Each structure stands twice: as C-alpha cells, then as structure tokens.
Amino acid sequence: MPKIKILDHIGIAVPDLAAAIKTYSTLLGKSPDHLEEVVEQKAKTAFFAVDDTHLELLESTSPDGPIGKFIDKNGGRGGLHHICIQVEDLEASLAAYKQAGIQLIDEKPRRGAHGKLIAFVHPKSTGGVLLELSQKS
Ligand code: CO
C-alpha cells in the first residue's frame, strides 16, 4: 500500500509566469517562496507555500513541452494542470499502482523541481486529473 504523506502542491499552467507571479502575490499577500527552471519538464516554475502545501505556477519554455501542449489544447489559456501527492516510497507506490491496473505515465521515478523524485499517473485512471507523485530525496 502506498504511504501518503501530504498534498504536496497544486500545479497551475500559466502562459506568462511573470504576470501570474504578480497576480498570485496579490492574491496570497506574499512573494513566491521558490523559483526554479525544470529543464526535464521544459518549464519555469514558481512555488507559493500555502499552509503545509504549495501552489506551483508553471510556464512552458518550449511549445513541445507538457505545459506548452496543455496551454495549446486549452486555447492559449492556463488552467489547473495537476495535483501532487507526496509519498514515502515512490518506487513502491508505482509498483503497487501498476499491479492494481492504474495507468501510469512514468513507470520509473524521474527528477522534478526541488530535486525531488517524481512520476505522473495518467488522468484516465484518476477521474480526469493528472496526478503527480513525489518523494523527498
Ligand atoms: Co508539480
């Protein structure tokens, strides 16, 4: 059984990160807590801590990246992109999900923001929501 730790973050795709940072700084009354370009995901990110979880804003650095494709499909607009749950043991969770017939996008962990190990579960298996799993490394 996968051991769930926390709802790590909610990922929001944005067409313009600088504009979105300005908006969310106003909405949340503070500046982002962490900025990072995640080369592997072809995205620039900004994280805002909200209690024990975070909002992750993502701007694509390339039209052929996952965020670029999402925004393209969404008529050029941003939107809710994924939710991320932190698990204790990512590889064990992926193996358990696979055995349960859950459709995975990543069968093996890869690197995400903050140097964490991450993997994505297909929205077909989660009621239409892209699910990211992460593990602190
Ligand atoms: Co994320």
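Using the Cβ of His82 as centre and a radius below 12 Å, the other residues enclosed give a net charge of -3, where K and R count +1 and D and E count -1.
Simple rule: put +1 on each Lys or Arg Cβ and -1 on each Asp or Glu Cβ in region 19-99, find the dipole, and look at Tyr24, Gly78, Val38; the Cα lying farthest toward the positive end is Gly78. Using the Cβ of Met1 as centre and a radius below 13 Å, the other residues enclosed give a net charge of -1, where K and R count +1 and D and E count -1. Counted residue by residue at 0.36 nm each, then reduced by the alpha carbon distance between them, the extension gain from His34 to Asp72 reaches 11.1 nm. In a simple Cβ point-charge model (Lys, Arg +1; Asp, Glu -1; nothing else charged), the chain has a dipole of about 200 debye relative to its Cα centre. Take every DSSP beta bridge whose two residues both sit in the chain; close to 75 percent of them are antiparallel.
Taking neighbour counts of Cβ atoms within 10 Å as a proxy for exposure, in what order, fewest first, do Ile67, Ile21, Ile4 appear? Write out the running numbers ahead of the final one.
On the way: Ile67 25, Ile21 18, Ile4 12.
Ordered from fewest to most neighbouring Cβ atoms within 10 Å, Ile67, Ile21, Ile4 come out as Ile4, Ile21, Ile67.
Taking the helices alone, the chain has a mean residue ellipticity at 222 nm of -6500 deg cm²/dmol, built from -39,500 (n - 2.57) per DSSP H run of at least 4 residues and averaged over all its residues.
Applying the Karplus relation 6.51 cos²θ - 1.76 cosθ + 1.60 with θ = phi - 60° to region 87-101 yields 3J(HN,Hα) values of 10, 6, 9, 5, 4, 5, 5, 4, 5, 5, 5, 4, 5, 7, x Hz, where x marks Gly and Pro.
Quick check: from the Cα gyration tensor, does region 78-137 come out rounded (a/c under 1.5), prolate or oblate? Please list the in-between numbers first.
Numbers: a/c = 2.08, a/b = 1.05, b/c = 1.98.
Oblate, because a/c is 1.5 or more while a/b does not exceed b/c.
All other residues whose Cβ lies under 13 angstrom from that of Glu91 are scored, Lys and Arg at +1 and Asp and Glu at -1, for a net of 0.
So, R0 is 41 Å and r is the distance between the beta-carbons of Thr61 and Met1; what FRET efficiency does that work out to, to 0.05? Mind dumping the intermediate values first?
Values: r = 37 Å, r/R0 = 0.90.
That pair, Thr61 with Met1, gives E of 0.65.
Taking 17 Å as the cut-off, the amide N atoms of region 8-50 that come nearer than this to a point 7 Å along the Cα-to-beta-carbon line of Thr126 belong to 8-14, 41.
In this structure, the residue pairs whose Cα-Cα separation is over 25 Å, taken from Lys5/Lys69; Lys30/Lys108; Lys108/Lys136; Lys3/Lys124, are Lys5/Lys69; Lys30/Lys108.
With the cut-off at 26 Å, report for region 4-135 the share of all Cα pairs above it, as a whole percent. So the pairs more than 26 Å apart make up 20 percent of the total in region 4-135.
Can you work out the base-10 log of I(q)/I(0) for region 40-95 at q = 0.21 1/Å, using the Debye formula on its C-alpha atoms alone? So the normalised log intensities work out to -0.90. When only alpha carbons are used to place a centre, region 45-98 and region 1-33 end up 10 Å from one another.
Values quoted throughout were computed directly from the atomic coordinates according to the rules given, and no laboratory measurement underlies them. Note that the structure is predicted; figures quoted are calculated from it, not measured. Positions of Cβ are backbone-derived with ideal geometry, glycine not excepted, and every protein chain shown enters the neighbour counts.
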